[in-house]
Structure formats: C-alpha cells, structure tokens
Amino acid sequence: MNPVFVAVGFTTLAIVYWVYRRYTGISLADVPGPESLSFFMGNTKELYQGQAGEADLKWQAQYGNVVRFKSALGEDQLIISDPAALQYIFMKSGYRFPKQHDRRAISKMLNGTGIVWADGEDHKRHRKVLLPAFGGPESKALLSLFKGCAESMSNKWIDIITNSKEQSAMLNVHAWLSRAALDAIGEAAFDFHFDSIDNAESALARAYTNKMPDIFGSPSSEQIFFQGVSKYIPYRILVYLGERSQNSRILRANEVRDLATSIAKQLVKDKAEMLLQGKGSRDVFSLLIKANMDADAKAKLTEEELLAQMRTILFAGHDMISNTISWALLELARQPEIQSRLRAEIRETEAAVHARGDADFTIADFDAMPYTTAVIKEVLRFSPVVYRVHRYASQDDILPLSQPITTCSGKVIHELPIPKGTRIVASIAAYNRNKDLWGDDAHLFNPDRWLNGAAKEKKATSLGVYANLMTFLSGVRTCIGWRFAVIEIQAFLIELVGKFEFAPTDKCERIRREACLMMVPTVEGEVEKGVQLPLRVSVAPRTE
C-alpha cells in the first residue's frame, strides 16, 4: 500500500473528526494558550524539541496552570499543573483517565506488558501482586545493600583521586552512577550481581549506557508529527509496526529489551526453583514470585507479565536513581554552601552513630537528619526525572480548579468541562514549580523551603505520596517503588557527600536538561556524546 495514500487517508479522517468534535461537543478553544505555529504541527515542536519542562514552565508563566495547546492537525490538548485538577485526574477519578494507547505501545516496546503498560483491571491485578515486595519494611531492609554499592563506587573514586597529582579528578559522575545503580537494583531487586562498577564493559552496562537519548532524544519534526497522529492508528497496528520496524531508535530499544529479557528468563527459573525448595530470599523479585504463586488463578501474572515486571523494575530503578543523584550532585557543586551544610549534618550524625557503638547509619538516623531530608525533597521537586506524563479523558468530564481561569472571551470559570477523548499532558515539572505551593522562589534550588514553611505541603491540596510532590505521581498510578527510591538516594548521597567534595567544571555552564522521556544531563555542543555530567571530585578533608 502506498505510504503517501495512507498518510493522506489518516490526515483526512483526522480533519473530519476534528471538525465534528469542534462543532458538536464541548470545546477547549476558549482556554488560554499559545498561538498555533502551524496546522500540521501545532505547538508540538516547541513542546517536544526543547529541554525537559522548558515549554511547560514558559507556558505556565504566561497562561497559568491549565494551558490549551495545539497538537498535530489542529487538535486541542491541555497541559495541566493545577493541583486540584491533577488530584481529580490521578486520585479521585483513578482509571477514568487512562494512558493514551500510543503511549502504551511505547511501554510495550520498551518493557513489555508490565505494570507501566497495564491499565484498568490489568493494572489492579499487577499492582496487587507487586505491592507486597515494595512495602515500608521490605524497602528499609535493603539499606545495607544500597550502602554497599555506594561504598564500592566511592572506593573506586578514592583510588582514582589518590593516584592523581592534583589530588582531585574530573569524573563523569553520571557514568559511574549509572553502573552503581545497575548493581544496586541487581542486588536489591533480584539478588543478582551485575558487577557493573568493576566492569564498565559488561553487556548490561553497555546496553544501558545512553539508552534514553539513543531511543528518545532530539526527535525530528517527522517523528513528532507521527507521534501526534498515532492516536488515529489502532494500538495493534502500532505494536505491529514497532515489532517490524528497522528504525535505528526502535532497534536500540529492542536491543535493551532483549538483553533484559534473557537475564529475566534465567532469574524467573532460578527464583521459582529456590522457592519450591524453601530457599527464597528477601529480594524484590523473590517476594514477587512468591506473591504470584500465592495469588488465585485469576490474579496470577503470566510468564510474559513476570518478565515484563523484571524489565520494568530494572529500567525504572536504574534511570530514576542514577539521574536523580546526578542532578543532586550538580546542584551541590553549583552551591558549595549547601554542600558544606549537608556534609556537616552527615558527619555530625556519623559521629553520633560511632559514639553509640554502631558502624552504619540506620533508617532512624536518616529520619533524624532534617537538612539531608530537605535536600532530597528539593532535588525531587526541582529536577523530576520524569517531567511529564500523558493521559486522556475516557468520558465527558469536569475538572475542578485550584485557581479560576479567565478564558479568551473574558469569562471567569472555576471548573473546566472537557470532552471525551481530551488528551492531557500532566506536567510534573510545572506542578513542582507552582509558586502557590512552593513560594515565590519556586524556580530556585533552596532546601530551606522545607525547613522554614515556605513549602506549603500541609496546607496544599493533597496529591503526591512524598512531600506532596508529583515526582512519584499519585493515586492508583503512584510509583510503587517510591520508598525504595528515597532510601537508595539517601544511602548514596550520605556516602558520597560525606566523603567527597564536588566542584563544577567549565562544562557545567553548558549542562542541558535533555528531554528523552526522562530528564538526563548532557552538555550543550556535545549532545552527540550522550549523557554526561563532568564534575571535579576530591576527598573532603576532615577537621578534628
């Protein structure tokens, strides 16, 4: 079939559908937003070709927390950072705002039919089996594993620094954190040693290096247009195209998925055999396998779904941790007074731990470190690795609003009717910078906001599971590994900041917030080199 004919056919259908919806149903045309730059592309190039959250924050400043923008072929979509609207979408309405089917096709391509892909009843079933492995006690029990991985990496850094004439080294800290995060997720989630810290050339370490920019970075206008019109292409056809495409990005995604699958298959086999022999351990995957064995027949996950959970845990656990800690170290390098204050609290607590006769920090010690907690909250607020997510209205609905909207025609509205099928971009980046919630300095990195009451988390609309942030989403789609992530970030930051000083290099002025489904650091003018965060690292002196 001639591809030009197919494209013209889809375009014609889209135009007919848009005209029908525009003049027969609820319209979003009166909601303020940027002028469309073209009928075919709308505002999508600005949204998807800029840095992560760049357009979100610009439009939020110009038009408020609910913004209408044009997608491909003149379709009205909304980008939302209003707390009440987001609470309604994610907490009160649950599955009435499902994932868009083209986004689910991407999830299936990356990690298979796991919990990120699942929706509705499937998602409930997946979540029920997975939750026992990610509870509070289960996550806290992993602290020593996280600490061990952080120590292994810091020992490598000490060797490099002590062998340097300057007694410091310029390190691509993201590359190291990427390998350390792989080892941490391997041990904590699967009781498996990937040995990525010791072996940067391991197959998994190489496959996971730069995977997000390779697959999703710097999209062309043609790719953005296809993304926009893919809503008109049935899900099964999108999956079929993805499975047979020779596009380099999709081939790269398949490479990562296939390698993870080969590891997952062996792990599933080994874990099942150990559990049958009564030898199961307490890693996440063992608990997951056990929960699945104990589930009734209708609730059980299939073998493919189990493999998909493994790929999802590996994928999300690696990227969330390595990138969040990278952004944290960048801010600490840029603001040495914050870094020094954080190190002082770490060392003061360390002295108290040793004074009572213990060698290591406990979860209770973490909980008693207010400035460390404030820094972690501020990193998660200021630099959310997942900066936006996509949903659609499965029926005509009405969104409540925290602040009224003045429409283009001058009408003031306190709630917003939306038609069935409305596509919504939930902007985590913009919500986390909402000045009504976080103060007039919301665009500054300032951990003190969590100590002096500037962050109005108790007064605000209840939304996120951690510090009222949207970084781990909310409601039934909350990231089930959020406790796991916070404890791992705590363990790594305490180890690294306690032992090392971080200073910016000349490239730090050119760090980009690269948008590739997740927010990763790259260097302006060197984007083709992939993810990098070059910092000057030295051993932090101790004063007696």
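Close contacts from the range 395-414, counting a first residue that is under 19 Å from Y431 (Cα atoms) and a second that is open to solvent by 80 Å² or more (accessible area, probe 1.4 Å) and assigned to a loop (DSSP other than H, G, I, E, B), with Cβ to Cβ under 9 Å and a gap of 6+ residues or different chains, come to I405/K411. For the range 45-76, filtered to residues that are more than 22 Å from C516 (Cα to Cα) and in a helix (DSSP H, G or I), the residue that is most open to solvent (accessible area, probe 1.4 Å) is Q62. Please specify each residue of the range 169-182 satisfying the condition of being open to solvent by 20 Å² or more (accessible area, probe 1.4 Å) and small (G, A, S). Correct list: A175 only.
Each residue in the range 459-477 was checked for being more than 20 Å from A52 (Cα to Cα) and either crowded, with 22+ Cβ neighbours inside 10 Å or in contact with a helix residue (DSSP H, G or I) (Cβ under 8 Å, 6 or more places away or on another chain) (or both), and 13 of them qualify. In the range 193-247, which residue that is part of a loop (DSSP other than H, G, I, E, B) and of a type in the set (A, V, I, L, M) is surrounded by the fewest Cβ atoms within 10 Å (Cβ to Cβ)? Out of the qualifying residues, it is A200. Remark: S164 falls outside the filter, which requires a residue to be small (G, A, S), farther than 25 Å from L314 by Cβ and open to solvent by less than 10 Å² (accessible area, probe 1.4 Å). The set of residues in the range 531-543 being of a type outside the set (D, E, K, R) and at pLDDT 95 or above consists of V531, Q532, L533, P534, L535, V537, S538, V539, A540. Checked against the criterion of being open to solvent by 40 Å² or more (accessible area, probe 1.4 Å), closer than 18 Å to P541 by Cα, touching a residue at least 12 places away in the same chain (Cβ under 8 Å) and part of a helix (DSSP H, G or I), the candidates E350, E345, E337 yield just one match: E350. Looking only at residues in the range 525-544 that are of a type in the set (D, E) and under 19 Å from I215 (Cα atoms), the one that is surrounded by the fewest Cβ atoms within 10 Å (Cβ to Cβ) is E528.
Criterion applied to T522, T543, T471 was being free of Cβ contacts under 8 Å to residues at least 24 places away in the same chain and hydroxyl-bearing (S, T, Y), and the one residue passing it is T543.
Any residue in the range 291-314 that's closer than 17 Å to G112 by Cα and part of a loop (DSSP other than H, G, I, E, B): show its pairings with residues that are open to solvent by 20 Å² or more (accessible area, probe 1.4 Å) and modelled with pLDDT of 85 or more at Cβ separation under 8 Å, as long as the two are six or more apart or on different chains. Qualifying pairs under 8 Å: L301/R125.
The values are calculated or read from the model by the stated rules, or taken from the named source; none is laboratory data. Predicted model, so just to flag it, every value in this text is computed and none were measured. Cβ sites come from the backbone with ideal geometry, for glycine too, and all protein chains shown count toward neighbours. Note: accessible area is taken over every heavy atom of the protein model, side chains too, but ligands, DNA and RNA are not part of it. Shrake-Rupley method; radii C 1.70, N 1.55, O 1.52, S 1.80 Å.
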